[in-house]
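Since every read-out is calculated from the coordinates, none of them should be taken as a lab result. The structure presented is a predicted model; accordingly, all values stated were derived computationally and were not measured. Every residue, glycine as well, gets a Cβ built from its backbone with ideal geometry; the counts of neighbours run over all protein chains shown.
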Amino acid sequence: MAATTTTQVPHLGGIQAGYRLSGDCYDAKKPTCVLINSMCTTVSLYKDQFDSRSLTDALNLLAIEPLGHGATSCPVEHFTYWDSAIIGLQVMDKLSIDKAFALGTSQGGWVVTRMALLAPERVRHFLSKKKSFSFFLFFFLFCRPLSPVLVTEIEFIHHKKLTLSR
């Protein structure tokens, strides 16, 4: 089931972004975790997490459907993971969320990685639940000049941890 809530964001000439937020509204007293779903799924992928009272009592959950999924729609035919990452940050803006943790499943892992690269001051830490993510990290670190983006800590879903500095 697609998100039942949408918000208009300006990227690519105006996008209706589908999302689900735990609780009735954003609670600034709790940390927030942005969730980006995998290919061919919707925010319903995270239904069990939204149904967990112990989890939603501890933090805000914000699931955002990337371009081409669920209730998210736009006027252009061609878009990239970078576009979905920008949309994720713009949804955070619309909901007045300054900083968040981010978790992406499969394709969503590529999106949260890009969110962290675009706005490292806003994405505290991110988890990418994708097996090929380690290849991306290797490429990013060793096969091209390291960008000035500060990546403080990257945690893999399979319990590996690597700490980097500028």
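Reachable aspartates and glutamates from residue 29, Cα under 16 Å, same-chain residues fewer than 8 places away excluded?
Partners within reach: 57, 98.
For a test of the definition: using alpha carbon positions, the gyration tensor, and the 1.5 limit on a/c, classify the range 1-60 as rounded, prolate or oblate.
Oblate.
Could you tell me which of rounded, prolate or oblate describes the range 28-103, using a ≥ b ≥ c as the square roots of the eigenvalues of the alpha-carbon gyration tensor, with rounded for a/c under 1.5 and, failing that, prolate when a/b is larger than b/c and oblate otherwise?
Because a/c hits 1.5 or more and a/b fails to exceed b/c, the range 28-103 counts as oblate.
Which parts of the range 96-116 would a label at residue 40 reach, counting a residue when its backbone N lies under 20 Å from a point 7 Å out along Cα-to-Cβ?
104-111
Normalised radius of gyration for the range 74-116, please: alpha carbon Rg relative to 2.2 N^0.38 Å, two decimal places.
That works out to 1.17 for the range 74-116.
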